[in-house]
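Asks: First, the structure itself, so that you have it in front of you.
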Amino acid sequence: GAVVSQHPSRVICKSGTSVKIECRSLDFQATTMFWYRQFPKQSLMLMATSNEGSKATYEQGVEKDKFLINHASLTLSTLTVTSAHPEDSSFYICSAREGGVDEQYFGPGTRLTVT
Amino acid sequence: AQSVTQPDIHITVSEGASLELRCNYSYGATPYLFWYVQSPGQGLQLLLKYFSGDTLVQGIKGFEAEFKRSQSSFNLRKPSVHWSDAAEYFCAVGAKEYGNKLVFGAGTILRVKS
């Protein structure tokens, strides 16, 4: 149980375009989802926390207008990188947490490359 | 501010030797503690976790970790390392008081010599 999927696993886009990444909890209802970013040879940094049906809470230094997060259902959250630039190239990982459970379950990650 | 320190960026051990990866944290609340492993280009796999209770925690793949509150540490150990253990290991800390958000250490890359 407690499986989280991400789609796509890899995406290449041109500079200036937008790209959407999906995060799904497959066998539980995720009241909270977290989005992390991992640059090469670095650790994971939390970008934002989203609760189903409400606006995401962004960490300091993360541009909310650039990284749009939607958590419209208990099994799906999306991260849209708008007007992507090469410096946005990174590994994006989501995690999901079921209400009343303190553990997060991680997705396999999405490799974004902006050319 | 919450922080997690993994003082060793790289560690190399011989196959069959014992392993200890260090993790220290600074946290303003009763912490939940985790160790994750990540292979290149892959997501995170949970090795073990500590929420409360017995301070010696057993995990998957023969790993264990001990929570020492007095030292603010949660070191990961394995008595005999296998070549397949080569990967990057992350210690993470969270707390219900902070919305269960996780703070990760910088990671330790484990290399295994045959």
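Asks: Using the structure shown, select from A:Lys41/B:Lys68; A:Lys14/A:Lys41; A:Lys66/B:Lys78; B:Lys49/B:Lys113 the pairs with a Cα to Cα distance greater than 32 angstrom.
Replies: A:Lys66/B:Lys78, as the Cα separations exceed 32 Å there.
Asks: For segment A:1-99, I need the span (max minus min coordinate) of the C-alpha atoms along each principal axis, in Å, sorted largest to smallest.
Replies: Projected onto its principal axes, the Cα set of segment A:1-99 covers 36, 24, 24 Å.
Asks: Can you compute the label reach from B:Lys68? Point 7 Å from Cα along the Cβ direction, backbone N cut-off under 16 Å, restricted to segment B:74-113.
Replies: B:74-78
Asks: Additional query: Determine the residues within segment A:22-62 where the difference in accessible area between the chain on its own and the full set of protein chains amounts to at least 50 Å²; count protein heavy atoms only and use a 1.4 Å probe.
Replies: The answer is A:Ser43, A:Leu44 - residues whose exposure falls by at least 50 Å² when every protein chain is included.
Asks: Using label points projected 7 Å from each Cα along Cα→Cβ, tell me how many nm separate B:Ser14 and A:Ser54, to one decimal.
Replies: 5.6
Asks: Something else: Tell me, which cysteines of the protein assembly as shown are without a disulfide-compatible partner by the Cβ under 4.7 Å rule?
Replies: A:Cys13
Asks: Sticking with this structure for a sec: Taking beta carbons within 10 Å but only from partner chains, what does the mean come to for residues B:43-51?
Replies: 4
Asks: Can you give me the C-alpha center-to-center distance between segment A:42-115 and segment B:50-99, rounded to a whole angstrom?
Replies: 25
Asks: Leaving out ligands, DNA and RNA but keeping every protein chain, what accessible area does B:Cys91 have, in Å² rounded to the nearest 10, with a 1.4 Å probe?
Replies: 0
Asks: Here's another thing I want to ask about it. For chain B, set up a Gaussian network in which alpha carbons nearer than 10 Å are linked by springs, and say which option among B:Pro40, B:Pro79, B:Pro31 fluctuates the most.
Replies: Of B:Pro40, B:Pro79, B:Pro31, the most mobile in the Gaussian network model is B:Pro40.
Asks: Separate question: Give the interface area between chains A and B as buried accessible surface, both sides summed, probe 1.4 Å, in Å² to the nearest 100.
Replies: 1500
Asks: Can you give the accessible area per residue of segment B:23-114, in Å², using a 1.4 Å probe?
Replies: 45
Asks: Then there's this: Name the most mobile residue of A:Ser73, A:Ser18, A:Ser43, meaning the one with the largest mean-square fluctuation, in a Gaussian network model of chain A with Cα contacts below 10 Å.
Replies: A:Ser43
Asks: Let me check I've understood the local charge: for A:Gln60, count other residues with C-beta under 14 angstrom from its C-beta, Lys and Arg +1, Asp and Glu -1. What total comes out?
Replies: Here the count lands on +1.
Asks: Something else now. Tell me, what is the FRET efficiency for B:His82 and A:Lys41 to the nearest 0.05, using R0 = 22 angstrom and their Cβ-Cβ distance as r?
Replies: Once the sixth-power term is evaluated, E becomes 0.35.
The values are calculated or read from the model by the stated rules, or taken from the named source; none is laboratory data. Note that the structure is a prediction, hence the values are computed from the model and not measured. When we count neighbours, we look across all protein chains shown, and the Cβ atoms used for this are built from the backbone with ideal geometry, even at glycine. SASA here: full protein model, heavy atoms, side chains in, ligands and nucleic acids out. Shrake-Rupley method; radii C 1.70, N 1.55, O 1.52, S 1.80 Å.
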